[in-house]
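These notes concern the structure reproduced below.
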Amino acid sequence: MKKNTLIVLIAIVAFACSSDDIKEGDSKEVVTQQVLPGQNVIKQVLHSFNTWRTANLATVFSQSITGDCTYTFDKAFFTTTLGDRTLEDYRFAIGVKNNKLQIVCMGVDDNNEVIPSIFKVGTLNTGAVNLEDVDTQKPPFDASDTEEDVKKHILQIKDAIPYLHNWRNAMGDTAGLESKVSYDGMRIKHFTIDKDAIAFLVNRDNVTEVELVLGLNEDDKMTTVFFGKNGKNVIFDEDAVNFALDFAKPCPSDCETR
């Protein structure tokens, strides 16, 4: 019985979060009108997505202002879910819980629908960004032999550093954050990245965790940057990999439909 209940609850997440066809008001209505037992994780996540849309940015990013915040996803989550034949992309959705930014990873199929069984809340981490200790003189990662779906997401470490520096600087001007986290007046709801890019990162023997870090791209917009770690707290882990992943599609403005 408990197993069946969990399946139903996860399916509700798929319904509420999978489709960009759900209007802003409709999405909120799903959360407030669903009869869900207790303060379960699913209900909290649904609420967090809606909270983000109108949350006070100075409050939400207050912890990032005083120190860099990152989000950890363990390798096992990805290696297990990559075996799902219906998986096409990973979607990283933004929410707010207890006045803190929350990022949730969900699997997306070829129809751009969320896969109910692929669901993971990132673990908030502080102190992982070590910009001052990066060796930028190391040879860049050679991505020439990688598949196109992977190559388009490869971000060299030397190019990732400005993204993170610029985001850190943006934290000093919370009044200007609205334009950086929005497209055409609507806050970014999620980022989507090809499963093959994530697989390329996590399937390396010396990667045990994936760290998601927020950055500011060349368009002065918030973006996601993914690093591999090897049991250490810090990104730019020399025992992991010498590249990062970026160029995930933000929605808006790039809400892909197939």
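Some notes on this structure:
- Looking only at residues of region 215-258 that are under 21 Å from G176 (Cα atoms) and in a loop (DSSP other than H, G, I, E, B), we find that the one that is most open to solvent (accessible area, probe 1.4 Å) is E218.
- Top-ranked residue of region 169-204 - restricted to ones that are open to solvent by 50 Å² or more (accessible area, probe 1.4 Å) and in contact with a Ser or Thr (Cβ under 8 Å, 6 or more places away or on another chain), ranked as nearest to P252 (Cα to Cα): D184
- Summed over region 41-98, the residues that are surrounded by fewer than 19 Cβ atoms within 10 Å (Cβ to Cβ) and among the aromatic types (F, W, Y) give a count of 1.
- Any hit, region 189-196, residues being under 19 Å from the mean Cα position of the chain (by Cα), within 18 Å of P162 (Cα to Cα) and assigned to a strand (DSSP E or B): no
- Look at (1) of a type outside the set (D, E, K, R); (2) farther than 30 Å from T51 by Cα; (3) part of a loop (DSSP other than H, G, I, E, B); (4) open to solvent by 10 Å² or more (accessible area, probe 1.4 Å) and you find that V207 fails only one, number (4).
- Only one of the numbered conditions (1) open to solvent by less than 70 Å² (accessible area, probe 1.4 Å); (2) under 27 Å from V108 (Cβ atoms) is not met by K152, and that is (1).
Rundown of residues vs (1) open to solvent by 30 Å² or more (accessible area, probe 1.4 Å); (2) modelled with pLDDT of 90 or more, yes/no style:
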{"site": "P116", "(1), (2)": "yes, no"}
{"site": "V121", "(1), (2)": "yes, yes"}
{"site": "T126", "(1), (2)": "yes, no"}
{"site": "E132", "(1), (2)": "yes, no"}
{"site": "K138", "(1), (2)": "yes, no"}
{"site": "D142", "(1), (2)": "yes, yes"}
{"site": "E148", "(1), (2)": "yes, yes"}
{"site": "D159", "(1), (2)": "yes, yes"}
{"site": "W167", "(1), (2)": "no, yes"}
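- Pairing each residue of region 86-114 that is without any contact (Cβ under 8 Å) to a residue 24 or more places away in the chain with any residue that is assigned to a strand (DSSP E or B), provided the two are 6+ apart or on different chains, yields C-beta distances under 9 Å for D109/D89; D109/I115.
The values are calculated or read from the model by the stated rules, or taken from the named source; none is laboratory data. This structure is a prediction, so every number in the text was calculated from the model and none was measured. As a convention, Cβ positions derive from the backbone with ideal geometry for all residues, glycine included, and neighbour counts pool all protein chains shown. Accessible surface areas use protein heavy atoms only, side chains included; no ligands, DNA or RNA. Shrake-Rupley method; radii C 1.70, N 1.55, O 1.52, S 1.80 Å.
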